[in-house]
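Laboratory data are not the source of any read-out in this text; all were calculated from the coordinates shown. Just so it is clear, the structure is predicted and the values come from calculations on it, not from any experiment. Reconstructed Cβ throughout: ideal geometry from the backbone, glycine too, with neighbour counts over all protein chains shown.
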Amino acid sequence: MSRQLEQTHSHDPVEGPPKPLERLGDEIAELSAHINAATYRLLTLIREFDQRGGWGDGFSSCAHWLNWRTGLNKGAAREKVRVARALGELPVIGEAMRKGELSYSKVRALTRVATAENEQELLNFARAGTASHVETLVRAWRRVDRQEELEEADKRHQHRYVRAYTDEDGMLVLRARLEPEVGAVVMRALEAAADRLYRETEDGEKTEEKEISGEQKRADGLGLVAESALKGELDNGTRGDRFQVVVHVDAEALEDPDQPSQSVLEDGIRVSAETSRRLACDAAKVVMTHSPDGSVLDVGRKTRSVPPALRRALTHRDRSCRFPGCGLKFCDAHHIEHWAEGGRTKLDNLLLLCRFHHRLVHEGGIRVKMLPDGAPRFSRADGRPIPLAPRPPVLAQDPLVVFEQRHREEGLEIDAETGFPSWDGGSWDLNWGLYCLRSIGRPKERSRGNVRSNPQPLGSTQLQLTGSAGNDPQY
Ligand SMILES: [Zn+2]
Ligand SMILES: [Zn+2]
């Protein structure tokens, strides 16, 4: 089968006449079922990798790691991780996918609403219907859930909330209801952050090709607000310290990270020497040097550790965080060889790193050096390199042969009929499906995290089976 399949796209006359279309269709269906089964295995591996934190040595999430290692785009990678996690609690749907009966498209849709209580019912529908049927059912089911939620909300007028769900294209959508004074603070923070992010471009640097709208700036600003909030907390440092770093150092500390003496931030919070080196990497800095007895030996003048012109050149060169697969735009300028150790503040000694990766490089044991060709080389604490793009695995043999062999060994019987819906082409009763699901109960809190906020009331006219499979960024 696999050998033949390989040849089907070849028009080489020596291969003989093209095979009948029906046979070609069967082969596509059979290979698709094998891919379903293999995708189940892939999701199982991703779940275990995610749970065991295999991505934690340099990546901010399992999805970032997948994006880097396997070339999936970030939206698709996030969705894979979400589905992998959800499948861990859905053994019935998982088993059907393992056997090759359910496509990833169907499983993606099902996992948005499935719970241990309703998964059997949902699976029955998914087996009977096409991928569009399943998408339509899931969308309608979410609307039912949303409507009930609204009815409850009506009873509690003073309800405030922030809701988040992941849209079909992987974007996080937030919906918030805030008291006016909280809202004012939030909006002010968003505007301030957006202003901070885009001030440099407005100074005349035109690195962005496209116009950036106010809405988009606020969206980026929200990211910065969150980053700053997390940074304040995780750093154990002062909020906003990036902009006003006054580091008190014992004379030896900046020159030698192994020195027991510590640096102290302005308001007396202790940070490690390595943290103070990170803060000093890219900041307005006033260095006060103290003698061992605490008296001030020297107060330097306020300077920027990376002058604005150089900073702009660096932003132009790097554009975003240089850590493999990251791409975050708001970055610190990292000195590869720290200025306190005599490292030069020159382009070839500087690198843009987002806050997350800047921290990893200083406090997290990730190392980076600049190769002679100007490309950064990252490595883990144990010296293993982190390539910019990992080499794709070398497939020893035809993947289909591997699938077939593995699936045979697992006792799976996969053929062209395996993933075929039992739908006979007649009218497909969505209302009956919803009725059955409602009788089981509403989706759990977990699945409601993804519920689309669609306040439209559920009317029977909306339940025509005309929906497509929806925007599907995965394929
Ligand atoms: Zn640094
Ligand atoms: Zn980064």
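Which percent of Cα pairs goes in each bin when the distances of the stretch 82-138 are cut into 10 angstrom slices starting at zero?
27, 65, 8
Which residue, chosen from Ala76, Ala33, Leu123, occupies the Cα position most advanced towards the positive end of the dipole of the stretch 16-130, where the dipole is computed from +1 (Lys, Arg) and -1 (Asp, Glu) charges on Cβ about the Cα centre?
Ala76
Based on the mean of other Cβ atoms within 10 Å per residue, sort peptides 310-316, 167-173 so the most packed one is first. Could the numbers behind the result be given before it?
On the way: 310-316: 16.3, 167-173: 13.3.
Sorting 310-316, 167-173 by mean packing, highest first, produces 310-316, 167-173.
Would you mind working out the magnitude of the charge dipole of the stretch 302-384 relative to its Cα centre, with +1 at each Lys and Arg C-beta and -1 at each Asp and Glu C-beta, to the nearest 20 Debye?
Dipole about the Cα centre, nearest 20: 260 debye.
Please report the projected area of the stretch 355-395's Cα convex hull averaged over all directions, in nm².
Numbers: hull surface 15.8 nm².
Projected over every direction and averaged, the Cα hull of the stretch 355-395 covers 4.0 nm².
Can you pull the Kirkwood radius for the stretch 10-144, inverse mean 1/r over Cα pairs, to one decimal in Å?
Working: mean 1/r = 0.0607 Å⁻¹.
Final number for the Kirkwood radius of the stretch 10-144 is 16.5 Å.
Using the number of other C-beta atoms within 10 angstrom as an exposure proxy, rank Ser32, Ser103, Ser213 with the fewest first. Please report the intermediate quantities before stating the final value.
Details: Ser32 17, Ser103 22, Ser213 9.
The order, fewest Cβ neighbours first, is Ser213, Ser32, Ser103.
Given the C-alpha atoms of the stretch 32-98, compute the convex hull and give its volume per residue in Å³. Please report the intermediate quantities before stating the final value.
Values: hull volume 5.2 nm³, N = 67.
So the per-residue hull volume is 77 Å³.
If you take every residue apart from Ile366 with its C-beta less than 10 Å away from the C-beta of Ile366, what net charge results, scoring Lys and Arg +1 and Asp and Glu -1?
Values: positive: Arg359, Arg367, Arg380; negative: Asp57, Glu363.
Taking every other residue near Ile366 into account, the sum is +1.
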